[in-house]
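What follows is a short report on a single structure.
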């Protein structure tokens, strides 16, 4: 092939590649707006607790991410709508600038919701230009940052669902986000069984270069585990009610000290969003207030509650290494199997049908608490620049969750993905499964 033909072929491949990225960019961006479509204007501006961000802020922040890390550095013709947005919508990147305080995001009545949507359209137009005519000099850097930006927006799509649910749950009228959300499960959960896994030196984690991963998932490394057993499904609402009725929230011997003190401070007596009506447990869902489905995975529990239940059941929570070893067995041709994800639009954990002898519901429905602290893997190195703040700075005081949930986009999750929350957090779609030593 002569140089002219090679140049034409390489340019054609680059054009096809950037068109694929543009289509994916448009699809991810459209999903964020679809999540917000059922909201009223008043819903966009509420901050129901410091950990919750108003939906308007999420929509603006993910747009700011593309502006700050792609458009400003790589699109020479780019002009921002308002320089103040760089301050208002920076989440925590202190090497980039001074972020607006997180607990005050609900005070930002201006820019308006309409202004934020104009900002998104402005970013989409500029990103289309960048992806249509990328700088050949920086093409690899641009594509890498686009991928991070899209996964970042998918993380905020899950946060949007979590935060919208928390916002609406504060309203005593139990408003419905979407009437077709949170359908009742039709299946009955089978009796819990245990699957045994041999111990030894295993490999967990991921390496850069084999598909997208966050830096906190790297590097792939050796981990010794002893023989263990893992429950074939998550703990159900019905099983958690048994724990409640056996005095689970009043038995100090079941609880970690921090959890016990928090229990007395908060008055928890059941998972978040649960309330009793005429002697029956109901819970707030995105489809409104509904009876608790006894066979669906329990959801919206903290690490402390999951750990107390495990003690009550004579078991424990799995380590993240144990969870990942088992999850590898549930992959289908190396891919995450079908499950209840954001794509399915149920937005509520559901009972799943058992198929084969693999562990099930490892992916989707509920994030599963593990007994592992969120700490760096051996040999971990943060990304260069401001994106080094993405994960590394949070590796203290957090616990690892695995598997994704009903609000996670399916193409965003993988067996090595490490989510993390502080042990008291409950507004995430968090549940758990049990493990025990052999």
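The values are calculated or read from the model by the stated rules, or taken from the named source; none is laboratory data. Keep in mind that what you see is a predicted model, and the values were worked out from it rather than measured. Every residue, glycine as well, gets a Cβ built from its backbone with ideal geometry; the counts of neighbours run over all protein chains shown.
Among the residues of the stretch 290-322, what is the count of those that are in a strand (DSSP E or B) and either surrounded by fewer than 18 Cβ atoms within 10 Å (Cβ to Cβ) or more than 24 Å from the chain's Cα centre (by Cα) (or both)?
Total meeting the criteria: 3.
Only one residue in 380, 363 is surrounded by fewer than 23 Cβ atoms within 10 Å (Cβ to Cβ) and not assigned by TED's automatic domain parsing to the domain that holds residue 156. Which one?
Going through 380, 363 in turn, the sole match is 380.
In the stretch 198-220, which residues are under 25 Å from residue 392 (Cβ atoms), touching a residue at least 12 places away in the same chain (Cβ under 8 Å) and either loosely packed, with under 14 Cβ neighbours inside 10 Å or not assigned by TED's automatic domain parsing to the domain that holds residue 383 (or both)?
Listed by number, the residues that qualify are 203, 207, 211.
Assigned by TED's automatic domain parsing to the domain that holds residue 69 and either surrounded by fewer than 21 Cβ atoms within 10 Å (Cβ to Cβ) or more than 30 Å from residue 287 (Cβ to Cβ) (or both): does that describe residue 130?
yes
Quick check on my filter: what residues within the stretch 161-183 are assigned to a loop (DSSP other than H, G, I, E, B) and either in contact with a strand residue (DSSP E or B) (Cβ under 6 Å, 6 or more places away or on another chain) or surrounded by 13 or more Cβ atoms within 10 Å (Cβ to Cβ) (or both)?
174, 175, 176, 177, 178, 181, 182, 183
Do we find a residue being in the same structural domain as residue 301 (by TED's automatic domain parsing), more than 26 Å from residue 340 (Cβ to Cβ) and either buried (at least 19 other Cβ atoms within 10 Å of the Cβ) or in contact with a strand residue (DSSP E or B) (Cβ under 7 Å, 6 or more places away or on another chain) (or both) anywhere in the stretch 250-257?
Yes - at least one qualifying residue is present in the stretch 250-257.
Against the conditions (1) more than 20 Å from residue 156 (Cα to Cα); (2) in contact with a helix residue (DSSP H, G or I) (Cβ under 9 Å, 6 or more places away or on another chain); (3) part of a loop (DSSP other than H, G, I, E, B), where does residue 347 fall short? Just the number, please.
(1)
Does any residue of the stretch 335-343 turn out to be in a loop (DSSP other than H, G, I, E, B), in contact with a strand residue (DSSP E or B) (Cβ under 8 Å, 6 or more places away or on another chain), crowded, with 19+ Cβ neighbours inside 10 Å and at pLDDT 95 or above?
No, the stretch 335-343 contains no residue that is in a loop (DSSP other than H, G, I, E, B), in contact with a strand residue (DSSP E or B) (Cβ under 8 Å, 6 or more places away or on another chain), crowded, with 19+ Cβ neighbours inside 10 Å and at pLDDT 95 or above.
Determine which member of the set 91, 63, 32 is at pLDDT 95 or above and farther than 13 Å from residue 164 by Cα.
Residue meeting the stated conditions: 63.
How about the stretch 275-289: which of its residues are without any contact (Cβ under 8 Å) to a residue 60 or more places away in the chain and not in a loop (DSSP other than H, G, I, E, B)?
275, 276, 277, 280, 281, 282, 283
Does the stretch 105-117 contain at least one residue that is in contact with a helix residue (DSSP H, G or I) (Cβ under 6 Å, 6 or more places away or on another chain), in a helix (DSSP H, G or I), modelled with pLDDT of 95 or more and under 25 Å from residue 26 (Cα atoms)?
Yes - at least one qualifying residue is present in the stretch 105-117.
Quick check, is residue 352 surrounded by fewer than 23 Cβ atoms within 10 Å (Cβ to Cβ), touching a residue at least 40 places away in the same chain (Cβ under 8 Å) and part of a loop (DSSP other than H, G, I, E, B)?
So residue 352 passes the test.
Take residue 80 and tell me if it is touching a helix residue (DSSP H, G or I) at 6+ places or on another chain (Cβ under 9 Å), modelled with pLDDT under 95 and either surrounded by fewer than 18 Cβ atoms within 10 Å (Cβ to Cβ) or part of a helix (DSSP H, G or I) (or both).
It is false that residue 80 is touching a helix residue (DSSP H, G or I) at 6+ places or on another chain (Cβ under 9 Å), modelled with pLDDT under 95 and either surrounded by fewer than 18 Cβ atoms within 10 Å (Cβ to Cβ) or part of a helix (DSSP H, G or I) (or both).
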